[in-house]
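> Here it is, the structure in full.
The values are calculated or read from the model by the stated rules, or taken from the named source; none is laboratory data. Quick caveat: nothing in here was measured; it's all calculated off a predicted structure. Here the Cβ positions follow ideal geometry from the backbone for every residue, glycine too, while neighbour counts run over all protein chains shown.
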Amino acid sequence: MSLFVKLCGIADEHHVEVAVEAGADAIGFVLTPSPRQVSLERAARLRALLPASVLGVAVFHDPSPALLRQALEVVGPDLLQSERSTLVGMPADRVLPVVVDGARLETDLAGAAGGTTREMVLVDSAARGGTGRPAGWSRLAALDFTGLLILAGGLNPENVADAVDLVRPFGVDVSSGVESSPGVKDPEKMRAFVAAAREAGRKHDHHH
């Protein structure tokens with residue numbers, strides 16, 4: 001299994017093409033307020049450009065159940081990514097719960113994994129920046145979690161190899177780390193991120 005790589009906050013056709021060509025496994029479209037937000041209609045158009053091998057992920061922060069249902073209908077995403085508490089009642093094979101690194105991480109992770117048949121959980125290590133190494137990495141490395149951990153938060157082409165070496169996650173997720181300015185993706189950084197992540201992943205050739 002090669003490392004699962006998700007590029008998030010893609011907002012235009014060209015960047016969808018770049019992400020697919022770079023070898024991303026999943027592409028996220030943000031549907032709630034953010035510099036990367038796109039409309040449901042636009043997300044549907046971008047989603048339609050993805051080959052079957054690439055997952056289209058609708059990404060939310062604190063959405064209403066109505067918005068989630070609307071997105072399922074209009075965008076037809078493979079996955080709905082949002083806080084676990086907001087995904088209650090959504091189809092279990094189409095949810096990617098987000099857990100924020102904190103004191104209850106182990107419990108939160110186990111609970112989140114229980115709500116999805118895909119076993120993938122995204123952990124936002126929510127680093128406060130500047131340290132070059134998000135605080136949660138070493139703790140995440142020590143976690144006893146049997147599901148598929150996707151690491152997010154503070155990753156970029158320069159540090160993703162370190163993160164993969166240390167945490168050995170199932171996958172990695174990046175958004176601002178591959179941008180030239182907030183909300184504007186940088187094709188070179190996108191390619192560099194996928195390449196660096198994959199290279200690090202190959203070295204361990206996942207124990208999944």
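> Which condition from (1) within 17 Å of the chain's Cα centre (by Cα); (2) modelled with pLDDT under 95; (3) surrounded by 16 or more Cβ atoms within 10 Å (Cβ to Cβ) is the one that residue 105 breaks?
(1)
> Within segment 72-102, which residues are part of a helix (DSSP H, G or I) and touching a helix residue (DSSP H, G or I) at 6+ places or on another chain (Cβ under 6 Å)?
Kept after step one, since they are part of a helix (DSSP H, G or I), are these residues of segment 72-102: 72-74, 84-87, 92-94.
Scanning segment 72-102 gives 74, 84.
> Taking segment 163-177 on its own, how many of its residues are in contact with a Phe, Trp or Tyr (Cβ under 8 Å, 6 or more places away or on another chain) and over 12 Å from residue 4 (Cα atoms)?
Quick first cut of segment 163-177, residues in contact with a Phe, Trp or Tyr (Cβ under 8 Å, 6 or more places away or on another chain) only: 163, 166-167, 170-172, 174, 177.
Narrowing the set further to residues that are over 12 Å from residue 4 (Cα atoms) leaves 163, 166-167, 177.
The total comes to 4.
> Mind listing whichever residues of segment 79-101 are touching a residue at least 24 places away in the same chain (Cβ under 8 Å) and not aliphatic (A, V, I, L, M)?
Across segment 79-101, the qualifying residues are 81, 84, 86, 89, 93, 97, 101.
> Moving on. Based on this model, can you work out whether residue 140 counts as within 15 Å of the chain's Cα centre (by Cα) and under 23 Å from residue 82 (Cα atoms)?
Details: within 15 Å of the chain's Cα centre (by Cα): no; under 23 Å from residue 82 (Cα atoms): yes.
When the stated conditions are applied, residue 140 does not pass them.
> Taking the options 178, 184, name whichever one is β-branched (Val, Ile, Thr) and without any contact (Cβ under 8 Å) to a residue 40 or more places away in the chain.
On the way: 178 fails: without any contact (Cβ under 8 Å) to a residue 40 or more places away in the chain.
On inspection, the qualifying residue turns out to be 184.
> Right, something else. Restricting attention to segment 26-42, which residues are in contact (Cβ under 8 Å) with a residue 40 or more places away in the chain and either surrounded by fewer than 20 Cβ atoms within 10 Å (Cβ to Cβ) or assigned to a helix (DSSP H, G or I) (or both)?
34, 35, listed by residue number.
> Just need a number here: residues in segment 120-146 that are at pLDDT 80 or above, loosely packed, with under 15 Cβ neighbours inside 10 Å and of a type in the set (D, E, K, R).
2
> Output the residues belonging to segment 80-97 that are more than 9 Å from residue 116 (Cβ to Cβ) and buried (at least 23 other Cβ atoms within 10 Å of the Cβ).
Across segment 80-97, the qualifying residues are 80, 81, 82.
> Hey, can you tell me all the residues within segment 10-57 that are basic (Lys, Arg) and touching a strand residue (DSSP E or B) at 6+ places or on another chain (Cβ under 9 Å)? Walk me through how you get there before you give the answer.
If we filter segment 10-57 for residues that are basic (Lys, Arg), which is where we start, we get 36, 42, 45, 47.
Selection gives 36, 42, 47.
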